[in-house]
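Here is the structure we will look at.
Every read-out reported here was derived from the displayed coordinates using simple, explicitly stated rules and does not represent laboratory data. What you see is a predicted model; the values in this text were computed from it and never measured. Counting neighbours? That spans all protein chains shown, and the Cβs are built from the backbone with ideal geometry, glycine included.
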Amino acid sequence: MLKTIAALFLLFVVTGAQPSCKDARGACLYWPTNDCMGGWADKEDAERQCNGGNHFRCCMACDTQCMENQEEWSVDDEPCEDALGICQNSTNFCNGKYEDGLCGGPGERKCCDTKKEGDCPLVEYEPTDAVMGYDDVEIRVHPDFADSLDAVGDAARDCDVVVKVVFSFRKRRFIKNRNPKTDPPKYSNFHVGHAVHVFLDTVDGICFGTCIAAAEKPGASCFTNRLTKLGLNWGGKELPFNIDDGFNSDVTAWKKLLRELKDVC
Ligand SMILES: *[C@@H]1O[C@H](CO)[C@@H](O)[C@H](O)[C@H]1NC(C)=O
C-alpha cells in the first residue's frame with residue numbers, strides 16, 4: 001500500500017503534478033490541424049490534460065478495434081464524399097460546419113463541410129425585358145453562362161417571346177437512389193450554374209416545355225431554332241424545358257467547377 005502511494009507520488013512528481021494524456025495512451029497534439037481518429041478527450045477531462053496552451057489537446061489512441069470501426073463505417077461515407085466533405089469524429093476541429101446524416105457509423109461521426117460564404121463566383125443575372133425571373137425569382141448563374149443568357153435574350157426579342165426563369169443554380173444534394181425520371185442527372189449543369197429552367201411568355205399566352213418543343217405558340221420554333229444556332233441545348237433530358245450550354249459534356253471540367261463552387265456557394 002505504502003509502495004503504491006510512493007509510486008503514485010513519484011509519478012505525480014515526474015509527470016508534472018497532474019495525470020497526463022500520455023498515461024491514458026493518448027498524444028498531446030495541436031487540435032486545429034490534426035485529424036484524430038480515436039477522438040479528442042474532452043477539455044474538462046482531468047485525466048487527460050495537455051500542456052502547451054488551449055489548442056493542445058489529448059488525442060486518444062486509435063487501437064485495432066477503433067481501426068476496424070473506421071473501416072466499417074467509412075463504407076457508408078459516400079453522401080459526405082459526394083458533398084466533398086470529410087467524415088470524422090465530431091470532436092475534431094472543422095473549419096466549416098458539421099452536417100448530420102451523411103456519414104457511416106455512430107451519430108458523432110459527422111461530415112465536416114468546409115463551405116464558406118462570400119467568395120462564390122456565381123453571379124446574379126440582371127433581369128432584362130427578354131430574360132427575367134418568374135415571380136421575381138433570382139437568376140443565379142456562372143459568369144460564362146450569363147453571356148449565353150444575353151444571347152438568349154437577343155433571340156427572345158427577335159422571336160417576340162419573353163423567357164421566364166423558374167430556377168437556375170441548384171446546389172447539389174446527394175441522392176441515394178437516383179430516379180432518372182425525376183431527379184437531376186449526376187452531372188447536371190444546374191449544379192454548376194450553366195443551366196436555366198424556363199417557360200415562354202408569348203403573344204398568345206404562356207408556353208411550357210411540351211408546348212415549346214411542339215411549337216404550339218407563336219415564336220416558339222423561332223426561339224428554339226435560334227438556341228440551336230447559338231450552340232445551346234434545350235429541352236433534352238432535364239425536362240420539361242431547360243436551356244444549357246453543354247458544359248457537363250466535359251465531366252472533368254464539371255467536377256473541377258463543382259469543387260470550386262461547393263466550398264463557397
Ligand atoms: C469520438 O471521440 C470521443 C472522444 O475521444 C470518443 O469517446 C468516441 O467514442 C469517438 N466516437 C467515434 C465514433 O469514434
* Structure fact -> Surrounding charge for K255, neighbours by C-beta under 13 angstrom, Lys/Arg +1, Asp/Glu -1, total +1
* Residue order, fewest to most beta carbons within 10 Å, for M60, M67 -> M67, M60
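Among T91, T64, which comes first, second and so on when ranked by fewest other beta-carbon atoms within 10 Å?
T64, T91
Tell me the Kirkwood radius of region 176-234: reciprocal of the mean inverse pair distance over distinct alpha-carbon atoms, in Å.
In region 176-234 this quantity evaluates to 13.2 Å.
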* Asked: When the helices in the chain are scored as -39500 (n - 2.57) per DSSP H run of 4 or longer and the sum is shared across all residues, what 222 nm value do you end up with, to the nearest 500 deg cm²/dmol?
  -> -8500 deg cm²/dmol
* **Degrees, to the nearest 10: 2-14 long Cα axis against longest axis of the chain** => 50
* Asked: How large is the convex hull of the Cα atoms of region 19-62 per residue, expressed in Å³ as a whole number?
  -> 55
* To do: Using +1 at the Cβ of each Lys and Arg and -1 at the Cβ of each Asp and Glu in the chain, identify which of F190, C66, V161 lies farthest towards the dipole's positive end.
  => C66
* To do: Beyond 18 Å between alpha-carbons counts as too far, so tell me which of K97/K262; K97/K186; K164/K186; K22/K97; K43/K97 fall in that bin.
  => K97/K186; K164/K186; K22/K97; K43/K97
* Asked: Can you sort V166, V192 so the residue with the fewest Cβ neighbours within 10 Å comes first?
  -> V166, V192
* Rounded to a whole number, what is D in µm²/s for the chain from Stokes-Einstein with the Kirkwood radius over alpha-carbon pairs (4 °C, 1.567 mPa s)? -> 58
* Cα gyration tensor, region 28-94 - rounded (a/c under 1.5), prolate or oblate -> oblate
* Cα long-axis angle, helix 64-74 against the chain (0 to 90 degrees, to the nearest 10) -> 10
* Derived scalar couplings ³J(HN,Hα) [region 143-160; Karplus, 6.51 cos²θ - 1.76 cosθ + 1.60; whole Hz; x for Gly, Pro] -> x, 4, 7, 4, 4, 4, 5, 4, 5, 4, x, 4, 4, 4, 4, 4, 9, 6
* To do: Mind listing the long-range amide H neighbours of G133? Cut-off is under 5 Å, sequence gap 5 or more, other chains count too, H placed in the peptide plane at 1.01 Å from N.
  => V165
* To do: Report the normalised scattering of region 149-208 as log10 I(q)/I(0) at q = 0.30 Å⁻¹, calculated by the Debye formula with identical scatterers on the alpha carbons.
  => -1.22
